2 protein chains.
Amino acid sequence: MARARIHNQFVSLDGFSAGDHVTFDRPIGDAGALFSWFDGRVIEGVHRVADPVTLDRALFSMWGQGIGAEIMGRRKFGPQSGPWPDDGWRGWWGDEPPFKTPCFILTHHPREPMVFANGTSFHFIDADPAEALRRASEAADGRDVRIGGGPSTIRQFLRADLVDFMHVVVVPITLGRGVHLWDDVVGIEDRFTIESVSSSSGLTHQLWNRKQ
Amino acid sequence: MARARIHNQFVSLDGFSAGDHVTFDRPIGDAGALFSWFDGRVIEGVHRVADPVTLDRALFSMWGQGIGAEIMGRRKFGPQSGPWPDDGWRGWWGDEPPFKTPCFILTHHPREPMVFANGTSFHFIDADPAEALRRASEAADGRDVRIGGGPSTIRQFLRADLVDFMHVVVVPITLGRGVHLWDDVVGIEDRFTIESVSSSSGLTHQLWNRKQ
């Protein structure tokens with residue numbers, strides 16, 4: 001069975017991982033500051049880094065390594081809710097979504113898949129976490145599955161004890177509002193070994209590995 | 001131009017990076033303890049790790065990312081010296097060398113290349129560091145070049161100011177003898193920014209990036 005991995009899960013000191021007020025113009029709502037440390041270019045490996053290979057970037061670059069499929073919540077794909085409007089929306093990322101694998105989008109409104117030339121495809125499924133992971137594992141063809149967020153999707157998988165590895169990045173800011181990462185998952189730390197390391201940028205990286 | 005990168009350069013507290021007394025049976029001589037923290041399986045990415053993804057392993061796994069060629073000293077290839085004996089030696093690694101790219105072996109005794117089915121090839125060249133890097137960069141075809149050691153080869157490239165990135169791993173042991181990493185490179189730290197981080201295993205990882 002493929003492992004289920006979470007990468008680059010940013011969280012503020014007060015526990016928020018996403019903003020309120022997501023709109024078409026503002027995909028991360030009020031929480032932009034959470035991602036100000038993040039260099040999206042490094043997600044496929046250190047060789048894509050033009051600038052110094054810092055500890056932060058070395059760890060961010062685990063994101064794409066050996067991943068064969070992603071599972072994401074509907075809000076990561078777009079700001080719509082309810083039945084899908086006929087608006088031509090194909091995600092936030094234009095013609096080159098960074099995933100380059102099948103992606104399974106959890107929604108109560110399944111629809112036809114979307115396929116992109118760069119290897120990305122979006123599959124809209126109405127499934128609980130275990131069933132979604134089963135389908136994504138099958139699609140991953142021996143590679144791992146990334147649980148891509150947002151926070152409420154992460155929590156669903158944590159509560160179902162389906163997460164094997166999680167890279168949490170504690171960002172030294174307070175947000176005061178938004179979508180909380182740690183709601184309703186009290187005590188999950190008991191199921192993991194957790195290694196924490198701080199970088200010179202002020203970030204703290206936590207590597208959560210499920211206990212064997 | 002490809003970047004020249006050094007990875008997983010282990011060094012003892014007293015500055016030794018390899019052992020004396022290298023023989024056919026003992027490729028790292030007396031310095032085996034230096035590598036006792038190292039899990040060679042992770043060198044192609046975190047997805048190859050069967051066990052917990054620790055900070056150590058996450059950083060070790062940078063080794064293979066985006067590398068298109070390696071340069072190594074002759075002692076890394078084998079224990080022989082002088083003209084090559086007709087002994088059928090094809091390196092320490094059997095039929096599956098882990099490199100999977102062209103490798104340029106610095107020697108005063110050039111010979112015909114060796115080619116393996118898994119993408120590895122060994123090219124024996126008599127060249128100074130700049131010329132070796134030029135040839136390896138060409139072979140790397142847009143990817144980076146790894147300077148693979150041993151310590152005296154690393155020092156040659158450091159002295160010639162040809163190293164863009166170096167991951168040094170300080171191992172909390174003393175060896176008392178062996179091949180020193182830091183001989184004749186006094187003051188090189190001025191040319192780099194250096195980020196140090198210690199892991200829960202006792203290792204200290206240093207990321208050396210050449211100043212822009």
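Please treat every number below as a calculation from the coordinates, not as lab data. Everything numeric here is computed off the predicted structure, so don't read it as measured data. Quick reminder, even Gly has a Cβ in these numbers, built from the backbone with ideal geometry, and neighbours come from all protein chains shown.
Things worth noting here:
- Of A:A160, A:A18, A:A31, the one that fluctuates the most in a GNM where chain A has Cα springs shorter than 10 Å: A:A160
- Summarising the label geometry, the points placed 7 Å from Cα in the beta-carbon direction at B:S201 and B:Q80 lie 3.4 nm from one another.
- Of all residues in chain A, the one whose Cβ lies closest to the rotation axis carrying A onto B, together with that distance in whole Å, is A:V197, 3.
- For chain B, calculated [θ]222 nm from helices alone, where every DSSP H run of n ≥ 4 adds -39500 (n - 2.57): -4000 deg cm²/dmol
- Lysines whose Cα lies under 30 Å from that of A:K76, excluding same-chain neighbours fewer than 8 positions away: A:K100, A:K211
- Cα gyration tensor shape of chain A, rounded if a/c is under 1.5, else prolate or oblate by comparing a/b with b/c: rounded
- B:T174 label point (Cα plus 7 Å toward Cβ) to equivalent points in the other copies: 4.8 nm, shortest first.
- Förster radius 30 Å - calculated FRET efficiency between B:D39 and B:D95, Cβ distance, rounded to 0.05: 0.85
- Position A:R210, label points 7 Å along Cα→Cβ, spacing to each other copy in nm (shortest first, one decimal): 4.4
- Between copies, B:Q80 shows label-point distances of 6.7 nm, shortest first, with the point placed 7 angstrom from Cα along Cα to C-beta.
- Under a Gaussian network description of chain A, with springs only between Cα atoms under 10 Å, the residue in A:S152, A:S36, A:S61 that fluctuates furthest is A:S36.
- Take every pair of alpha-carbon atoms less than 8 Å apart whose residues are at least six positions apart; their mean separation over the length of chain B yields a relative contact order of 29 percent.
- A simple spin-label model places the labels of A:R191 and B:D87 5.5 nm from each other, with each point 7 Å out along Cα-to-Cβ.
- Mean-square fluctuations from a GNM of chain A, with a 10 angstrom spring cutoff on Cα atoms, peak among A:H123, A:H108, A:H167 at A:H108.
- Were the residues from B:N118 through B:D14 laid out at 0.36 nm apart, the gain over their Cα-Cα distance would be 33.7 nm.
- Figure legend: label point modelled 7 angstrom from the Cα of B:D161 along Cα→Cβ; residues of segment B:179-193 with amide N under 18 Å from it are B:184-193.
- Cα gyration tensor shape for segment A:66-161, rounded if a/c is under 1.5, else prolate or oblate: oblate
- Take each residue in A:189-200, count the other chain C-beta atoms within 10 Å of its C-beta, and the mean is 3.
- Residue order, fewest to most beta carbons within 10 Å, for A:I194, A:I6: A:I194, A:I6
- Around the Cα centre of chain B, unit charges on the Cβ atoms of Lys, Arg, Asp and Glu (plus for the first two, minus for the last two) sum to a dipole of about 280 debye.
- Relative contact order for segment B:81-142, counting Cα pairs under 8 Å that sit 6 or more residues apart, in percent: 31 percent
- Shape of the protein assembly as shown, Cα gyration tensor, a/c cut at 1.5: prolate
- Once exposed loop chymotrypsin sites (Phe, Trp or Tyr not before Pro) are cut out (DSSP; at most 14 other Cβ, 10 Å), longest piece of chain A: A:94-212
- Only Lys, Arg (+1) and Asp, Glu (-1) charged, at Cβ; segment A:57-141 dipole about Cα centre in debye: 280 debye
- For the protein assembly as shown, the Cβ-based charge dipole about the Cα centre amounts to some 100 debye (Lys, Arg positive; Asp, Glu negative; other atoms uncharged).
- The long axis of helix A:129-140 is offset from the longest Cα principal axis of chain A by roughly 80 degrees.
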